[in-house]
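The values are calculated or read from the model by the stated rules, or taken from the named source; none is laboratory data. A quick note: this is a predicted structure, and the numbers were derived from the prediction, not measured. Quick reminder, even Gly has a Cβ in these numbers, built from the backbone with ideal geometry, and neighbours come from all protein chains shown.
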Amino acid sequence: MPEPLLIGLNLSAFYRLKLGEIRAVDGVDISVPRGSIVGLAGESGCGKTTLVNVLLANVRPPLTIIGGTVMLDGIDLFKMNREEIRKKVWGVKVSYVPQAALNALNPTKRIIDLVRDAVRQHMPATDSEIVSMCRRRFEELNLPLDGIIRYPHELSGGMRQRVIIAISTLLNPRLLIVDEPTSALDVSTQKQVLKMLLDIKSDRIIESILFVTHELALLRQIATHVYIMYAGKIVEYGPAEDIMLEPMHPYTKALMYSVMTPEPESRQRGIITIPGEPPSLVMPPPGCRFHPRCPYAMDICSRKEPALVETRGDVGVACFLHHERAVA
Amino acid sequence: MLEARNITKLFRTGLFGREKVLAVDNATMTVRRGEIVSLVGESGSGKTTLCRIILRLIAPTRGEVFYDGREVTRLKGKELKWYWSKVHGVFQDPYAAFHPFYRVERVLYQAFNLLPPLSDDEKKRVVHEALTSVGLRPADVLGKFPHELSGGMRQRVAIARCFILKPELIIADEPVSMLDASTRMGIVRLFKDVRDVNRSSVVFVTHDLGLAYVVSDRILIMYKGRIVEEGDPVEVMEYPSHPYTKRLKEDVPLMYRKWGGF
């Protein structure tokens with residue numbers, strides 16, 4: 001099997017504040033295989049955006065790396081300084097479209113001005129070279145060519161998001177990381193944006209996608225692999241189909257049960273609730289971080305932390321209920 | 001029980017009000033006793049405007065709202081208070097419902113202004129009961145300021161008002177869209193409880209077709225200010241008739257079926 005495009009091993013990163021440490025990423029292993037679309041799912045505050053910043057080596061105080069390594073396409077990111085990473089990694093090896101990017105564009109600059117600034121961070125290029133690069137890419141992706149000379153406010157939300165994705169992959173990065181790219185869009189526009197993500201992958205502009213979201217039904221439609229994050233830890237991962245249709249971890253199950261879709265299966269299942277709220281990351285509960293809310297919690301769950309263990313196939317789960325079965 | 005008949009709302013914007021926006025266009029909807037109805041539409045469809053008209057927060061340009069056969073569109077003073085004790089709103093942003101300078105119980109005690117007078121002891125007892133009904137321990141909430149509670153807890157406090165007022169109709173505008181997955185279902189459950197315990201009717205105003213499908217007895221689909229389709233949620237999704245509903249059905253992400261071409 002070829003080496004995965006992105007490997008994060010044993011990653012821990014805490015926010016060091018006066019009030020204490022926020023353990024936002026705590027011993028996480030994650031990998032993005034070549035050619036895959038990996039979904040990273042979890043609720044707000046579970047650490048998914050922090051994990052992305054760690055994977056990008058975009059770490060500035062108060063966020064501090066405690067340990068771990070990130071290998072991206074064979075490069076050890078934590079061995080590079082920020083200037084090198086900015087020049088040789090961001091936009092070239094990996095591009096990141098953060099949440100709400102579509103409302104974060106400089107309103108006084110046209111799209112082409114934004115692109116020019118970005119491209120020149122990485123290579124010397126004349127205006128006409130940059131314009132023709134843009135044109136070619138817009139044609140490839142069936143985006144209206146006049147989009148490049150527009151100001152951000154002249155484009156609709158969906159068009160703006162597609163333009164952002166097109167220009168952030170202009171230099172053919174191997175990996176694209178998107179964080180909630182469609183949360184502000186209506187469902188039809190959302191589908192167009194997702195279609196375009198698939199297109200840039202099948203056109204081999206990029207190799208893999210890491211898709212961060214709390215919307216599981218989206219991942220069901222596009223992801224090949226899924227990681228479920230809870231309170232700074234990965235609790236379950238594996239092929240999307242297995243995780244979403246036969247979840248093993250009680251938290252993953254609860255998440256799946258909370259998805260309401262207009263399908264008979266959803267309506268028949270009805271409303272299944274779990275008590276409580278996600279814990280504070282300053283003082284996470286001992287043992288399994290989900291145990292105070294877990295309907296199947298056993299004695300051991302509050303004492304020992306379950307490791308993330310591969311059980312069946314490529315599915316890994318951090319839960320004692322399933323470990324016993326794997327050992328036996 | 002409630003009927004909003006031929007409601008139209010025209011907003012004037014721009015210089016001297018020369019630009020017109022038709023937010024609600026001749027919409028008619030009814031709500032029966034004990035029923036959960038969802039009003040589904042995307043942002044800008046006019047669903048929030050229609051619900052604010054029903055709540056008597058804004059006046060319609062044309063059309064009337066009837067409650068128990070009585071026209072309520074022009075009620076004032078005491079009679080409007082009577083209407084507000086029967087029809088109650090719960091909103092999307094549980095933060096905006098609270099004044100940040102006051103302790104959270106203030107919104108609960110304010111509800112008593114709409115009710116016949118009670119003694120302080122009775123009020124206290126009713127508040128404790130209401131908080132318990134929404135799954136909160138009074139000691140965790142009373143005396144706290146809004147920022148000390150999580151979003152889910154704040155929304156529970158907002159719903160606790162429904163257990164004090166016992167309104168006959170609750171209009172909930174996107175009540176769970178700002179909440180996370182694991183807390184969302186608990187809030188949805190509460191609305192079902194309010195309906196089952198108090199026999200209140202509930203109108204969910206939402207962009208979330210899945211929520212509407214799962215919890216409602218009846219759904220109304222709103223598009224560009226009009227109600228374009230109405231019926232039993234299972235039937236509407238199985239046999240949508242309006243092109244907009246058909247498109248929704250095709251584009252909404254599902255869990256048990258995959259999109260073609262993806």
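In the range A:266-290, of all residues being part of a helix (DSSP H, G or I) and more than 7 Å from every other protein chain (Cβ to nearest Cβ), the one that is surrounded by the most Cβ atoms within 10 Å (Cβ to Cβ) corresponds to A:269. Looking only at the range A:203-224, residues that are more than 11 Å from chain B (Cβ to nearest Cβ) and either free of Cβ contacts under 8 Å to residues at least 12 places away in the same chain or touching a Phe, Trp or Tyr at 6+ places or on another chain (Cβ under 7 Å) (or both) come to 1 in all.
Residues in the range B:45-59 that are crowded, with 22+ Cβ neighbours inside 10 Å and assigned to a loop (DSSP other than H, G, I, E, B): B:45, B:46.
Does any residue of the range A:291-313 turn out to be within 14 Å of chain B (Cβ to nearest Cβ) and within 23 Å of the chain's Cα centre (by Cα)?
Our first condition is that a residue be within 14 Å of chain B (Cβ to nearest Cβ); within the range A:291-313, this holds for A:292-295.
In the following step, the residues that additionally are within 23 Å of the chain's Cα centre (by Cα) were identified as none.
Among the residues of the range A:291-313, not one is within 14 Å of chain B (Cβ to nearest Cβ) and within 23 Å of the chain's Cα centre (by Cα), which makes the answer no.
Checking each residue in the range B:163-187 for being without any contact (Cβ under 8 Å) to a residue 60 or more places away in the chain, surrounded by fewer than 21 Cβ atoms within 10 Å (Cβ to Cβ) and within 30 Å of residue A:228 (Cα to Cα) picks out only B:180. Could you list, in sequence order, the residues of the range A:68-115 that are among the aliphatic types (A, V, I, L, M), touching a strand residue (DSSP E or B) at 6+ places or on another chain (Cβ under 9 Å) and not in a helix (DSSP H, G or I)? Passing the criteria: A:70, A:71, A:72, A:89, A:94, A:97, A:100. If you go through the range A:1-56 and keep only what is surrounded by fewer than 17 Cβ atoms within 10 Å (Cβ to Cβ) and over 30 Å from residue A:204 (Cβ atoms), you end up with A:10, A:16, A:17, A:18, A:19, A:20, A:21, A:44. Does residue A:210 satisfy the condition of being closer than 19 Å to residue A:169 by Cβ, assigned to a helix (DSSP H, G or I) and at pLDDT 95 or above? When the stated conditions are applied, residue A:210 does not pass them. When the range A:166-186 is filtered for residues that are surrounded by 20 or more Cβ atoms within 10 Å (Cβ to Cβ) and farther than 23 Å from residue A:4 by Cα, the ones remaining, listed by number, are A:166, A:167, A:180, A:181, A:182, A:185. One residue stands out among those in the range A:236-265 that are in a loop (DSSP other than H, G, I, E, B) and touching a His at 6+ places or on another chain (Cβ under 8 Å): the one that is nearest to the other protein chains (Cβ to nearest Cβ), which is A:249. Take the range A:183-204 and flag every residue that is assigned to a loop (DSSP other than H, G, I, E, B) and either modelled with pLDDT of 95 or more or under 15 Å from the mean Cα position of the chain (by Cα) (or both). Passing the criteria: only A:183.
For residues that are in a helix (DSSP H, G or I) and crowded, with 19+ Cβ neighbours inside 10 Å, tally how many sit in the range A:131-156. Lay out the reasoning, then the answer.
Taking the range A:131-156 first, the residues in a helix (DSSP H, G or I) are A:131-140, A:145-149, A:152-154.
Subsequent filtering for residues that are crowded, with 19+ Cβ neighbours inside 10 Å retains A:134, A:137-138, A:147-148, A:152.
Selection size over the range A:131-156: 6.
Residues that are over 30 Å from residue B:126 (Cα atoms), acidic (Asp, Glu) and within 13 Å of chain A (Cβ to nearest Cβ) number at least 2 in the following helices (runs of 4 or more DSSP H) confined to the range B:162-262: B:233-238, B:243-251.
Out of the range A:171-196, which residues are touching a residue at least 60 places away in the same chain (Cβ under 8 Å) and within 12 Å of another protein chain (Cβ to nearest Cβ)?
Our first condition is that a residue be touching a residue at least 60 places away in the same chain (Cβ under 8 Å); within the range A:171-196, this holds for A:171, A:173-181, A:183-184.
Correct list: A:183, A:184.
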